[in-house]
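Structure first, commentary second.
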Amino acid sequence: MHDLIIVGAGLAGLTLARHMASAGADILVLEARARIGGRVLSHITPHGTYDLGPAWIWPAMQPSIAAAITTAGLAIDAQDDRGGFLFQDRTGAVQRLPHGFEQDPPSMRIAGGIGALVRHTANALPPGTIRLGHTITALTATPGGVTLDCMTEAGPARFSAARIALAMPPRLIAALGFTPALPAATRQHLAGIPTWMAGHAKALALYDDAFWRRTGLSGAAISHVGPLAELHDASLPGVTDEAAIFGFFAWPATMRANRRAQLPALVTAQLATLFGPAAATPRHLIIQDWAEETFTATQSDHTGPAQHPHYAPTPLPAPWHNIALPCGSESAPDFGGYLEGALVAAAAVADRFVPGASGQVQASASFL
Ligand SMILES: Cc1cc2nc3c(=O)[nH]c(=O)nc-3n(C[C@H](O)[C@H](O)[C@H](O)COP(=O)(O)OP(=O)(O)OC[C@H]3O[C@@H](n4cnc5c(N)ncnc54)[C@H](O)[C@@H]3O)c2cc1C
């Protein structure tokens, strides 16, 4: 019997694990995927690390991220959108504008990618804390806490803990089996909370060099025809023998799925239309479709919200309210949906378990 089992090794689950380990709790993290990070996913080449999930943070207005970056000793750089900007209208015609995205505060990137923050957080945990390939399917409230049923490659497994934290999207929580059952209204509420960016897909095109910069282009573009809608330079600072452009798809999940086989050709054709013939032959093209990821998106996420939803904590009713706490970014009181929200949610849940736990080690902290 563990003090706490955390379901999900995304940034929220790992951060909660770190707070609780520092507070002296006996914890276990169970993760369905064969990797940590959840929506944080890296593409690694001999030259560096590119983000296929989140890429940007805004430490000027996100205090938890700012603190986490400082603690981890990670360097950050502003997204470099300086230079000419391309606009592709509905007819496919491309216009060059003197400048494009200008953000205040600027979007910042972490050296080594967002994965560097995830790895730093995980590396601080006691060895053996994280078990990959453990998909939680059901929770049962017991007199001593909670029993978790999960599927592993080796077959079904069962774990027990005094408390659990569900560091995963609310829509995935709604799909778990609860005994006693969650009220239908609670399940509907959870199922109605969109998972931020879950219906999106990214294309990352790697080139030998940033040829677009030679003509004064920033690599940034907006397109009203697609398949990509918003593009940015994803090159790594200081790297001269590899460069990259990434783009978010405009096309919804169903349209992407229907044209899956043609997507690489369609993307490179669009890149060539925008940036010239050199863009037609990337060294490597990666398409990461989050809508196809079972441990991120549900069918409901295939049509994403038009705007950033208002997220709020999602407490479960009795008898679950004190033993099973939702803890993913979409359950954060502030910055829900963002990486900052993952840290905020983790801190809120840690402090609920052990007051002050997120402010770090308390020698005499008692778990619950
Ligand atoms: C394409 C894209 C771009 C984004 N861009 C940005 C950005 O630039 N800036 C920003 O701040 N945010 C961005 N986001 C959002 C950001 O990724 C999330 O806010 C953050 O990663 C959420 O972390 P989390 O730990 O709450 O959830 P997740 O990362 O989703 O982690 C949940 C974990 O739970 C696991 N899990 C799920 N079900 C089970 C189960 N049954 N059993 C066991 N484990 C399970 C999953 O495998 C996963 O590891 C982006 C997201 C995407 C997809």
**Request:** Quote the charge dipole size of the stretch 1-70 about the Cα centre in Debye, to the nearest 20; the model charges only the Cβ of Lys and Arg (+1) and of Asp and Glu (-1).
**Result:** 160 debye
**Request:** Show me 219-229, 136-146, 340-350 ranked by packing, highest mean number of other Cβ atoms within 10 Å first.
**Result:** 340-350, 219-229, 136-146
**Complete:** The rounded separation in angstrom of the Cα centers of the stretch 241-255 and the stretch 147-177 is 33 Å
**Request:** With a 1.4 Å probe and every protein chain left in place, work out the accessible area per residue of the stretch 1-106 in Å², rounded to a whole number.
**Result:** 44 Å²
**Request:** Take each of the peptides 3-14, 80-91, average the number of other beta-carbon atoms within 10 Å over its residues, and list them starting from the highest.
**Result:** 3-14, 80-91
**Request:** Any chance you could check the Cα centroid distance between the stretch 1-60 and the stretch 269-295 for me, in angstrom?
**Result:** 27 Å
**Prompt:** Say each of PHE248 and LEU132 gets a label point 7 Å from the Cα, pointing the same way as Cα to Cβ; how far apart are those two points in nm?
**Reply:** 2.9 nm
**Message:** If each DSSP helix of 4+ residues adds -39,500 (n - 2.57) and the sum is divided by the residues in the chain, what number results at 222 nm, nearest 500 deg cm²/dmol?
**Reply:** -6500 deg cm²/dmol
**Complete:** Which of ALA32, ALA157, ALA165 fluctuates most in a GNM of the chain (C-alpha springs under 10 Å)? That residue is ALA157
**Message:** Per residue, how much accessible surface does the stretch 246-307 expose to a 1.4 Å probe? Answer in Å², no decimals.
**Reply:** 51 Å²
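Could you tell me what percent of the accessible area of the chain is made up of carbon and sulfur, with a 1.4 Å probe and every protein chain present?
Values: 8870 of 15560 Å².
Here it works out to 57 percent.
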**Fill in**
Under the Karplus relation with 6.51, -1.76 and 1.60 and θ = phi - 60°, whole-Hz ³J(HN,Hα) for the stretch 75-80, x at Gly and Pro, equal 8, 10, 9, 6, 4, 8
**Message:** What is the angle, in °, between the Cα long axis of helix 263-275 and the longest principal axis of the Cα atoms in the chain? Nearest 10 is fine, range 0 to 90.
**Reply:** 50 degrees
**Prompt:** Of THR179, PRO98, ALA253, which is farthest on the positive side of the dipole of the chain, counting Cα position, with +1 on Lys and Arg Cβ, -1 on Asp and Glu Cβ, and the Cα centre as origin?
**Reply:** THR179
**Fill in**
accessible surface per residue for the stretch 140-198, probe 1.4 Å, DNA/RNA/ligands not counted, whole Å² -> 43 Å²
**Request:** Give me the angle, in degrees from 0 to 90, between the Cα long axis of helix 114-123 and the longest principal axis of the Cα atoms of the chain, rounded to the nearest 10.
**Result:** 30 degrees
**Complete:** Ignoring ligands and nucleic acids, ILE76 exposes an accessible area, probe 1.4 Å, in Å² to the nearest 10, of 60 Å²
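Using the Kirkwood radius over Cα pairs, work out the Stokes-Einstein diffusion coefficient for the chain at 25 °C and 0.890 mPa s, in µm²/s as a whole number.
The calculation lands on 114 µm²/s.
The values are calculated or read from the model by the stated rules, or taken from the named source; none is laboratory data. Model, not experiment: these values are computed from the prediction. A quick note on method: Cβ atoms are made from the backbone with ideal geometry, for glycine too, and the neighbour counts reach across all protein chains shown. Each accessible area value is taken on the protein alone, full model and side chains, heavy atoms only, with ligands, DNA and RNA left out. Shrake-Rupley method; radii C 1.70, N 1.55, O 1.52, S 1.80 Å.
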